[in-house]
Amino acid sequence: MQPLWLGPQTAGFGAFEIQALRVPSNALQVLSRTSVLGYRLSMPIRPQFRWFYPIDWRELSIVIRFERAKGRCERCARPHGQIVICFGDGRWWDAECGGWRDGQGRPLRHGPETISLTEIRSTRVYLATAHLDHDPANNRPRNLKALCQRCHMLHDQNEHRRQRWLTLRMRKSFGDLFTGPYKFG
């Protein structure tokens, strides 16, 4: 299968360069399917942070998610674009292999003995390219990983907690400056 060539012939990422970003043709089929189904194709990056990302971020993200990771989460192996049945603790049904997997993507020898309908959910899996060090300027391939939304949230958990703490402190300081003491609750 001939890969499609997107982006510049040479793209610089940090201290080294990657020659000619190659995107497999099935990645574009996935993108065209999502556009037909009405899902948005734009990257969910806040406008104030866009300047941290390279111009060819979309192509780099496609290479990481669909060429390197082959359309599966690199932590739990959930397939992109598929609806999976899962439990809150991370166990999920892999229809491809016909068995249950744990939150790390390892096959389980024994599935759940009883399944309560209140515990089970279904979710459509979307892959995103995550920065492992939380620095959007560091776009080296070893710092990028294709993660599903569950693994991405677990990976960013401490960073979200830090941002929440910082936001609360900023609100409190602005309240102290302009309207008096900040009232919690």
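Every number in this text was worked out from the coordinates using simple rules, so none of it is lab data. Note that this is a predicted model, so its numbers are computed, not measured.
Worth a mention:
- The fraction of Cα-Cα pairs per 5 angstrom bin, counted from 0 for the stretch 83-124, comes to 6, 24, 37, 26, 7 percent, rounded to whole percents.
- Pairs of Cα atoms nearer than 8 Å and 6+ residues apart set the relative contact order; for the stretch 83-124 it is 45 percent.
- Between Ile83 and Asp133, residue separation times 0.36 nm minus the direct Cα-Cα distance comes to 15.1 nm.
- Extension gain, Leu117-His155: 0.36 nm per intervening residue step, less the Cα-Cα distance, totals 10.9 nm.
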